[in-house]
Amino acid sequence: MEQKILLECHKISKDFGITKALKEVDFNVPAGRVCGLVGENGSGKSTLVAVISGIYQATSGAMEYKGAPWKPRDVMDSQRGGISIIVQEAGTIGTLTVAENIFLGQEGQFRKGFMIDYRKMNAEAQKLIDEVGIEGIRSNMRIMQLNLQQRKMIEIVKAYQYHPDILIVDETTNALSHRERQVLFDLIKRLTAEGRAVIIISHDIEEVMEYCDLITVLKDGEMVTTLKKEDATPRHIKELMVGRDVEEGFYRTDMDGYQEKVALKADNITTMQEIMNLSLELHAGEILGIGGLSDCGMHTLGKALFGEEPVLAGSVTAGIEQTKITDAETAVKNRMAYMSKDRDEESIALSAPVFENIASTGYEVNRGFGFLISRAREKKYVDTQVKGLKIRCYSSSQQVSTLSGGNKQKVVFGKWMAKDFDIIIMDCPTRGVDIGVKAEMYNLMYELKRAGKAILLICEELPELIGMSDRILIMKQGAITKEFLRSKDLSEKEIIDYMI
Ligand SMILES: Nc1ncnc2c1ncn2[C@@H]1O[C@H](COP(=O)(O)OP(=O)(O)OP(=O)(O)O)[C@@H](O)[C@H]1O
């Protein structure tokens, strides 16, 4: 049965200076449906939903929502009208409580004379948290006490509080663990059952195929097509996105081993939170995968190994001399590198250009005579990464905050790939990047392995862990529960049993 159309976008265009992010895009959102938006990094997905939700005004084109013209002035205006968005970027403030974040800009409803009734605000926030189905977060906690995925869950509550007719979920699932994803998809099912609609942006094509009724493909700012789920296959969608046939299975296929030499060692380490008496050895030429649910401690482990999280007992040692790693500076001196999962907060300088971000890891190697930096050498250092990773920017002087999400991630990747290191800790390195670039990143990781580098791959995607690792350590409640060796027969199911 044909569904009533809630939102119609006619010929929407959006220019940012010389960048034409959207070119006359037509897009419809029917009631009771989940609409997927897919496309390569920088194809215009976030810009389209930003126009729909009032973050940006379109350069030209028109929208109609429930039969009336739709032109929200800003996000608040859009929320009041019935369209809420969970943005890709971090959308919470660390120093405020969960409840204050949820009701930011809406505090007036809790005013009692000159005061804010925080007890009532906390109770209302808790009610919403419970309604969404989130466990383990209290409304009076400070956001800074929460990890990235928990903060993302609060953004879901923030968007949900308006009981929107259209909920937009921009690249949210890649920040969430399996359990949290389920909470979000349960919420989406409830909303669509009530006749509301959801727009999901995701690079996980299998996820899009599972949950979306309609799938719209964008390419270079243009709408390619909209397919019904029953008419789509993952391969066809990928082909439409990239513009050519995409090979399935882009992981390494070899069964090569790794060297005996230990590059990094954790000996019985315990941290303030999460890690308890954990030991591991990472070898030269090895990709050691670390998997588990998001609260298993694997992200903290990455930080602890790089000296960014205090180790209360036990020790971390690295390099030929097995130097004790107590802080990030010592880690870098011992030829270690670290890519954090929390891209915007911990991995890049958003307000700086692409050039400075990548060049920041190369001051030593790009030095000419004395302390002067060789501009030519530095330019080559940056250009190699921009070209190799196809970072979509009008020039390397573009500010990183104005890049698309996946292109920001490429900057993080490029900045570390440019540097010469022996050991790298990668926490969710392919988060938010499109399939073409993922393949390129996997290739680079394999090249690093072959060159004898030691790679610790912290990852929530089991196919990636299985496809890339020489060994996999599964963690649960801060400890290692199982070790798997590289095998062609290893299945996701076998691993999951040790995660939950
Ligand atoms: N504020 C801005 N200023 C300048 N350019 C911008 C701005 N916002 C987006 N762009 C550009 O518009 C283009 C489309 O970006 P958009 O974020 O919509 O892509 P996307 O499809 O969501 O990509 P991703 O999958 O990487 O998130 C990119 O080239 C991006 O650099």
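Quick note: the coordinates plus some simple rules give every number you see, no bench work behind them. If you're wondering where the values come from, they're calculated on a predicted model, not measured in any experiment. Cβ sites come from the backbone with ideal geometry, for glycine too, and all protein chains shown count toward neighbours.
General remarks:
- Hits among lysines - C-alpha to C-alpha of LYS410 under 16 Å, sequence gap 8 or more where chains match: LYS341, LYS387, LYS390, LYS419, LYS438
- Over the chain, relative contact order from alpha-carbon pairs under 8 Å, at least 6 apart, %: 16 percent
- Subtracting the Cα-Cα distance of ASP327 and GLN106 from their residue separation scaled by 0.36 nm leaves 75.4 nm.
- Extending 7 Å from Cα along the Cβ direction at GLU207 and again at LYS488 yields two label points whose distance is 3.1 nm.
- By the count of neighbouring beta-carbon atoms within 10 Å, fewest first, THR361, THR430, THR59 end up ordered THR59, THR361, THR430.
- Of THR317, THR95, THR326, the sequence from fewest to most neighbouring Cβ atoms within 10 angstrom is THR95, THR326, THR317.
- Short-range pairs are left out: with C-alpha atoms under 8 Å and at least six residues apart, the relative contact order of region 5-242 is 29 percent.
- About the Cα centre, charge dipole magnitude for region 262-499 (Lys/Arg +1, Asp/Glu -1 at Cβ), debye: 980 debye
- Positive-end residue of HIS203, GLY285, LEU167, charge dipole of the chain with Cβ unit charges: LEU167
- The charge dipole of the chain, taken about the Cα centre with unit charges on the Cβ atoms of Lys, Arg (+1) and Asp, Glu (-1), comes to about 1080 debye, rounded to the nearest 20.
- Calculated FRET efficiency for the pair GLU281/ASP74, C-beta based, R₀ 35 Å, to 0.05: 0.10
- Hull-based mean projected area of the chain, where the convex hull spans the alpha carbons, in square nanometres: 25.4 nm²
- Residue by residue, region 449-455 carries 3J(HN,Hα) couplings of 4, 5, 7, x, 6, 9, 10 Hz when phi is fed to the Karplus relation 6.51 cos²θ - 1.76 cosθ + 1.60 (θ = phi - 60°); x denotes Gly or Pro.
- Per residue, the convex hull spanned by the alpha carbons of region 5-242 comes to 130 Å³.
- Length-normalised contact order for region 8-109 - Cα pairs under 8 Å, 6+ apart - percent: 23 percent
- Cross-link reach is defined here as a Cα-Cα straight distance under 21 Å, omitting same-chain residues fewer than 8 places apart; for LYS4 the lysines meeting it are LYS66, LYS71, LYS189, LYS228, LYS229.
- Along region 461-478 the Karplus relation, 6.51 cos²θ - 1.76 cosθ + 1.60 evaluated at θ = phi - 60°, assigns HN-Hα couplings of 9, 5, x, 5, 4, 5, x, 10, 8, 7, 9, 10, 10, 9, 10, 8, 6, x Hz to successive residues, with x for each Gly and Pro.
- Gained length - SER401 relative to LYS189, 0.36 nm times residue gap less alpha-carbon distance: 73.0 nm
- Efficiency of FRET between GLN477 and PHE371 - r from beta-carbon atoms, R0 45 angstrom, step 0.05: 0.40
- Rg(Cα) / (2.2 N^0.38 Å) computed for region 68-135, rounded to two decimals: 1.28
- Over all pairs of different C-alpha atoms, region 50-167 has a mean inverse distance whose reciprocal, the Kirkwood radius, equals 15.3 Å.
- Distance from region 163-223 to region 466-494 (C-alpha centre basis), Å: 29 Å
- Region 5-242 - charge dipole about Cα centre, Lys and Arg +1 at Cβ, Asp and Glu -1, debye rounded to 20: 620 debye
- Protection proxy ranking of 121-127, 67-73, by the mean of other Cβ atoms within 10 Å over each peptide's residues and highest first, is 121-127, 67-73.
- Inter-part distance where region 304-358 and region 383-433 are each reduced to a Cα centre, Å: 17 Å
- Burial order of peptide ranges 487-494, 186-193, 473-480 (average beta-carbon count within 10 Å, highest first): 473-480, 186-193, 487-494
- Packing, as the average of other Cβ atoms within 10 Å across residues, places the peptides 38-45, 169-176 in the order 38-45, 169-176, highest first.
- Other residues with beta-carbon under 13 Å from the beta-carbon of SER279 carry, at +1 per Lys or Arg and -1 per Asp or Glu, a net charge of -2.
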